[in-house]
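The values are calculated or read from the model by the stated rules, or taken from the named source; none is laboratory data. Remember, predicted model here, so these are calculated numbers, not experimental data. For neighbour counting, all protein chains shown are included, and Cβ atoms are generated from backbone atoms with ideal geometry for every residue, glycine included. Ligands, DNA and RNA are stripped out before the accessible areas are found, and what is left, the full protein with its side chains, is counted by its heavy atoms. Shrake-Rupley method; radii C 1.70, N 1.55, O 1.52, S 1.80 Å.
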Amino acid sequence: MTDFCHYTLRIATLLALAGACSAVHATNGINLIGFGAESTLMGGADVAVARDTSALNTNPAGLTQIKAPLLDMFGSVLRTTDLVHKDPRNEEHASNRYTLLGGGGYARPLENTACTAGIGLFAQGGAGGVFDNLRTPFGNRDDLSSLFGIAKIIPGIGCEVTDKLSLGASLNIVYASIEQDFFSNTSVNFGGGSSFAGYKLEGASAIRTGFKLGMQYRVTPTLTLAAAYTEKTELPMTGGTLVADDTALGLGKVKYSDASIKGFALPREVAVGLAFKPTDDWLLSFKLNWLNWDDAINEVTLRATTPNNASAKSVYGSPMNANWKDQWVVATGVAYNWDDRTTLYAGHNYGKNPIPRQNSSPLLAGTLEHHLTFGAARKIDQHWLMTGGVEWMLPVSVKYNSRLFGESEIRNEAIVLHFMLSRRW
């Protein structure tokens, strides 16, 4: 991977990391429910619709519906209304309440072919929270945070094989990054060789590739069937640094120059759906999506080596059981042409929390399940289209027993505003 591509992906991921920082924005596990405004405002029921550049990340076969050069620029603003960690000593809301996400795509038909090609930049998702000045189990106050974000650059192509059948494929160039602060200014010596050393992890990242295949079949002018397959992408995040607080052992802050977190992956996905137009003005869409989290996130391992103090432990870290479960996501959406220039949208997305209750954590709390979406698109003129709307992540609470925190609870709720500006030539 060239330096240019690496830094382009890193810039894109700053947007995804912002989402991970302040709220659990990605809640089909660690994935967003949709990509681009229309996909999201129809509740993620996009596999059989996929008619703008977000098709690169939903169903590349849909690119064939783009008959002229198209540029999409989209963004989201999230307001956390309830992201709270509660334990016997604390009931604290995440510190950062606002989040910005963004991306864009460009696609155009290829001359003298039945194909359309494009490239897009997408914030894929992430998870985590920032909790400042918590009361620790050791009698002091310290910070607890996790910033985990994922972004993609996606080139892709879709081709009309027949008048009814379109096939597509896209290449996913995935960048993931994680930073954590786990009571990094806390150090306790319990005696007998037992101690607690908080840590701060920075700079661990991964670049990996994957792919997506898609199909759309127009059974009749009013009914389209569709399917998409996404391969699993492992995300071993390496190359970081970790500073552990070994002050209680008389070693001060120990810096480990080779730190990693392994065990995260984007899951294998299989999505099927249909789009139906009962009249010229109405479009109804449905998607059923299987996410193979059981094979993607099982044991997550933090490992740091090469300390700058020879008296410190040569290896810092340990594995953590995650054991995520497979997830079925059901998405339904509707679009209504109010007039020649205005389209209204609504949708619902549901995916059961894939994290076992006993493995819940404030550092990775992808627990939201129900999403309601509403919005509209307005043609400004023959070239420009503006789309906007709102996504409500309905409140949810998970109670669990933590070895460190005791009886704990994570609460989640958020409102997201989505915008997209499109230009056709």
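Of note:
- Against the chain, whose longest principal axis is taken from its Cα atoms, helix 3-22 shows a tilt of about 80°.
- In straight-distance terms, cross-link reach from Lys313 covers every one of the lysines whose alpha-carbon lies under 30 Å from its own, apart from those fewer than eight places away in the same chain; here that gives Lys200, Lys253, Lys255, Lys262.
- Accessible area per residue was computed with a 1.4 Å probe on protein heavy atoms; Arg141 scores about 100 Å².
- Computed FRET value (nearest 0.05) for Thr220 with Arg79, which takes r as the C-beta separation and R₀ as 41 Å: 0.45
- In order along segment 404-410, phi translates into HN-Hα couplings of 8, 9, x, 5, 10, 8, 10 Hz, rounded to whole numbers, per the Karplus curve 6.51 cos²θ - 1.76 cosθ + 1.60 with θ = phi - 60° and x for Gly and Pro.
- Residue of Gly149, Gly105, Gly198 that the Gaussian network model of the chain assigns the largest fluctuation, springs spanning Cα pairs under 10 Å: Gly198
- Residues in segment 62-78 carry Karplus couplings, in order, of x, 4, 5, 7, 8, 9, 8, x, 9, 10, 10, 10, 10, x, 9, 10, 9 Hz; the curve used is 6.51 cos²θ - 1.76 cosθ + 1.60 with θ = phi - 60°, and Gly or Pro positions show x.
- Qualifying aspartates and glutamates (Cα of each under 19 Å from Cα of Lys399; at least 8 residues distant if same chain): Asp82, Asp87, Glu91, Glu92, Glu369, Glu407, Glu409, Glu413
- Qualifying trypsin sites (Lys or Arg not before Pro) in segment 338-425, where qualification requires a DSSP coil assignment and no more than 15 other C-beta atoms within 10 Å, comprise Arg341, Lys352, Arg403.
- Size of electric dipole in the chain: Cβ of Lys, Arg +1 and of Asp, Glu -1, about Cα centre, debye, nearest 20: 200 debye
- A simple spin-label model places pseudo-atoms 7 Å from Cα toward Cβ; at Tyr400 and Val270 they are separated by 2.8 nm.
- Amide H within-cut-off set for Ile33, under 5 Å, with H built and near neighbours excluded: Thr27, Asn28
- Accessible surface ranking that places the most exposed of Leu385, Leu249, Leu63, Leu364 first, with a 1.4 angstrom probe: Leu249, Leu385, Leu364, Leu63
- Order of exposure, largest accessible area first, which applies to Ser318, Ser145 with probe 1.4 Å: Ser318, Ser145
- Pairwise alpha-carbon distances in segment 82-149 exceed 14 Å for 71% of all pairs.
- Summed over the residues of the chain and divided among them, the accessible surface reaches 42 Å² per residue at a probe radius of 1.4 Å.
- For chymotrypsin sites (Phe, Trp or Tyr not before Pro), the sites in segment 95-151 that DSSP calls loop and that have at most 16 other Cβ atoms within 10 Å are Phe138.
- Across segment 177-187, computed HN-Hα scalar couplings (Karplus, 6.51 cos²θ - 1.76 cosθ + 1.60, θ = phi - 60°) run 9, 9, 9, 9, 10, 10, 6, 6, 10, 10, 9 Hz from first to last residue, x flagging Gly and Pro.
- Projecting the Cα positions of Thr233, Leu284, Ala68 onto the charge dipole of the chain (unit charges on Cβ atoms of Lys, Arg, Asp and Glu, taken about the Cα centre) puts Thr233 furthest along the positive direction.
- Segment 40-192: Rg to Rh, with Rh as the Kirkwood radius over Cα pairs: 1.20
- Residues Met42, Met73 ordered from highest to lowest accessible area at a 1.4 Å probe: Met73, Met42.
- Size descriptor, Kirkwood hydrodynamic radius, that averages inverse alpha-carbon separations across segment 348-425, Å: 15.1 Å
- Segment 190-348 - percent relative contact order, Cα under 8 Å, separation 6 or more: 19 percent
- Helical mean residue ellipticity (222 nm; -39500 (n - 2.57) per DSSP H run of 4+; nearest 500) of the chain: -2000 deg cm²/dmol
- Candidates Gly210, Gly104, Gly193, ranked by Gaussian network fluctuation over the chain, Cα under 10 Å, top entry: Gly193
- Residues whose amide H lies under 5 Å from that of Thr186, counting only those 5 or more places away or on a different chain, are Gly198; hydrogens are built 1.01 Å from N in the peptide plane.
- Straight-line reach from Lys67: taking Cα to Cα under 28 Å and skipping same-chain neighbours fewer than 8 places apart, the lysines in range are Lys152, Lys164, Lys212, Lys277, Lys287, Lys379.
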